[in-house]
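Taking it in order: structure first as structure tokens, then the write-up.
What follows is calculated from the coordinates using simple rules that are stated; it is not laboratory data. Everything quoted here is computed from the prediction, not taken from an experiment. Don't worry about glycine lacking a Cβ; one is built from the backbone with ideal geometry, like all the others, and counts go over all protein chains shown.
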Amino acid sequence: MTPAQRRALDQHRRFAIETMNPRFAYRLAPDVSLVLSVNSGYECIEAGSGGPVWHASIRSTKHAQSGRLVIARRALDGVGDPAIEWVEHTATHTTHLRRRLTESEAFVTGPMLDLRDTPEAETRKASLLAQLGEYARTLALMHDDTKKAA
């Protein structure tokens, strides 16, 4: 397991906004960025993924979808169950590769939990906001998913 993979697993996220944490972001080349995380929160529950997932997001305007997918798979080399994965390509030159954790990896995260509207949600949000600059904080608050929709 690479250091980036270990960090993502050990500091798995329960909320989408936590992917904005700088600890998950990597510049692979001048035009290639990676966000590598493990999601063990409500998104997995609502998506019906059946368990926590690895999530590699590759953004590049110079690579086609197939090239971005190769890079995403390289980021997940040696982790997760490649037989259970989903790919999404977006209009923003981003490819998202989600892959189910293996049983031993899922042991680290524990069960998927929906922590919206809990004290832990507020603690996680405050920790994230403290690490972000003003612009990123504003974006995070615009996409705050720590509370259930009314």
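Numbers at a glance
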quantity: Table column - 3J(HN,Hα) (Hz), the stretch 47-52, Karplus curve with 6.51, -1.76, 1.60, x for Gly and Pro; calculated: 7, x, 6, x, x, x
quantity: Gyration tensor (alpha-carbon) shape descriptor, the stretch 84-150, a/c threshold 1.5; calculated: oblate
quantity: Label-to-label distance, nm, for residues given as GLU122 and LYS62 (7 Å Cα→Cβ offset); calculated: 4.7
quantity: Shape call, the chain: gyration tensor on alpha carbons, a/c limit 1.5; calculated: oblate
quantity: C-alpha center-to-center spacing [the stretch 16-47, the stretch 92-150] in angstrom; calculated: 9
quantity: Label-point separation in nm, MET1 to GLU103, each point 7 Å along Cα→Cβ; calculated: 1.7
quantity: Label zone at LEU28 (point 7 Å along Cα-to-Cβ), backbone N below 15 Å, the stretch 89-113; calculated: 89-90, 93-99
quantity: For the chain, built as a Gaussian network whose Cα springs stay under 10 Å, the top-fluctuating residue of ALA29, ALA72, ALA91; calculated: ALA91
quantity: Length-normalised contact order of the chain in % [C-alpha pairs under 8 Å, at least 6 apart]; calculated: 25
